[in-house]
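In what follows, a single structure is set out as structure tokens and then discussed.
The values are calculated or read from the model by the stated rules, or taken from the named source; none is laboratory data. From a predicted model like this one, the values you see are computed outputs, not experimental measurements. Reconstructed Cβ throughout: ideal geometry from the backbone, glycine too, with neighbour counts over all protein chains shown. For the accessible areas, the whole protein counts, side chains as well, though only heavy atoms, and no ligand, DNA or RNA atoms are used. Shrake-Rupley method; radii C 1.70, N 1.55, O 1.52, S 1.80 Å.
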Amino acid sequence: MRKPLLTLLSLVFSCSALAAGKNVTYKVDGDAYEGYYVSPGKDAPLVLLVHDWDGLTDYEVKRAEMLSDMGYAVFAVDLFGAGVRPTKDEDKRQHTGELYKDRNKMRKLLQASLDTAKSEGGNINNAVAMGYCFGGAAVLEMARSGADLKGFATFHGGLQTPDGQNYSKTHGQLLIMHGSADSAITMDQFAALANELEKSGVRHEMITYSGAPHAFTVFGSERYREDADKKSWSRFGEFLTSVTQ
């Protein structure tokens, strides 16, 4: 009986090790970045998770662990740099503004994150990108770049298309989840994106949640709306199941 018991314990500890997340340091053009990787097991579908304007924090780690519990490997990316986690609004605007002005750098950082996820064992051939707020805008940048992913999902993300860009190279489906009470990203912008995606022939689903302001998914904040958060998370789970089968 001892040998089977040891084998069972070994399997348990192996599974626990696979499920445990870890910080991952990587470099882009000589600069250090620190993401977070967690996986429930080999060949799990991959979710590339992009943070909002305060950088990769406990919030994204929590969402990554929730997705891992659902059976997905997750790489939570870092677009600001190792140790750069701004707390003041002016600093957040600075870091996001730099990337909004340099879309090539944003794309390079997103691609480097995908490459790092692959090096950690992530299945980039069965992958979806998702993002919150600024991260949602970054995910749409990734979609326009032609990244070969199965889907792109945004939660209260930036929706405007920069001048000179379009969705002609987009692969995969888009899921846009937005609060209709969002004063930062207006319903006019939401409608404009819907028109653009339809004209471009991009498969998409766009959902609004009544009474939900910007950042309605952020736990513990004044803007958090439980109903919209739960509905959008449930729909995202369905989206993942449909596109990563």
Practice task
Go through the stretch 34-83 and give me each residue that's part of a loop (DSSP other than H, G, I, E, B) and within 27 Å of ALA184 (Cα to Cα).
Solution key: HIS51, ASP52, TRP53, ASP54, GLY55, LEU56, THR57, VAL77, ASP78, LEU79, PHE80, GLY81
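State yes or no: is GLU238 open to solvent by 70 Å² or more (accessible area, probe 1.4 Å), outside any strand (DSSP E or B) and closer than 19 Å to ALA129 by Cα?
Working: open to solvent by 70 Å² or more (accessible area, probe 1.4 Å): yes; outside any strand (DSSP E or B): yes; closer than 19 Å to ALA129 by Cα: yes.
Criteria met by GLU238.
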Exercise for the section: Check LEU110, LEU46 and return the single one that is over 19 Å from VAL243 (Cα atoms), in contact with a strand residue (DSSP E or B) (Cβ under 8 Å, 6 or more places away or on another chain), open to solvent by less than 10 Å² (accessible area, probe 1.4 Å) and in contact (Cβ under 8 Å) with a residue 24 or more places away in the chain. Expected result: LEU110
Problem - Contacts under 6 angstrom Cβ, first residue in the stretch 154-166 being under 15 Å from ASN195 (Cβ atoms), partner part of a loop (DSSP other than H, G, I, E, B), 6 or more apart - result: LEU159/ILE185
Problem - Test: residue in the stretch 84-95 that is part of a loop (DSSP other than H, G, I, E, B) and touching a residue at least 40 places away in the same chain (Cβ under 8 Å) - result: no
Problem - Matching residues in the stretch 53-87 - criterion: being open to solvent by 20 Å² or more (accessible area, probe 1.4 Å), in contact with a helix residue (DSSP H, G or I) (Cβ under 9 Å, 6 or more places away or on another chain), more than 20 Å from THR241 (Cα to Cα) and not aromatic (Phe, Trp, Tyr) - result: ASP54, VAL84
Practice task
Would you be able to say whether some residue in the stretch 127-149 is more than 23 Å from GLY55 (Cβ to Cβ), touching a strand residue (DSSP E or B) at 6+ places or on another chain (Cβ under 7 Å) and either of a type in the set (Phe, Trp, Tyr) or open to solvent by 20 Å² or more (accessible area, probe 1.4 Å) (or both)?
Solution key: no
Practice task
Examine the stretch 199-207 for a residue that is modelled with pLDDT of 95 or more, part of a helix (DSSP H, G or I) and either closer than 20 Å to GLY151 by Cα or touching a His at 6+ places or on another chain (Cβ under 8 Å) (or both), and state whether such a residue exists.
Solution key: yes
Completion exercise
In the stretch 96-107, anything free of Cβ contacts under 8 Å to residues at least 40 places away in the same chain, part of a helix (DSSP H, G or I), under 18 Å from ALA147 (Cβ atoms) and among the charged types (D, E, K, R) is listed as LYS105, ARG107
Completion exercise
Looking across the stretch 208-235 at residues that are in contact with a strand residue (DSSP E or B) (Cβ under 6 Å, 6 or more places away or on another chain) and in a helix (DSSP H, G or I), the single one that is farthest from THR161 (Cα to Cα) is ALA228
Handout entry: Filter pass, TYR26 being at pLDDT 95 or above, over 14 Å from the mean Cα position of the chain (by Cα) and surrounded by 11 or more Cβ atoms within 10 Å (Cβ to Cβ)
Key = yes
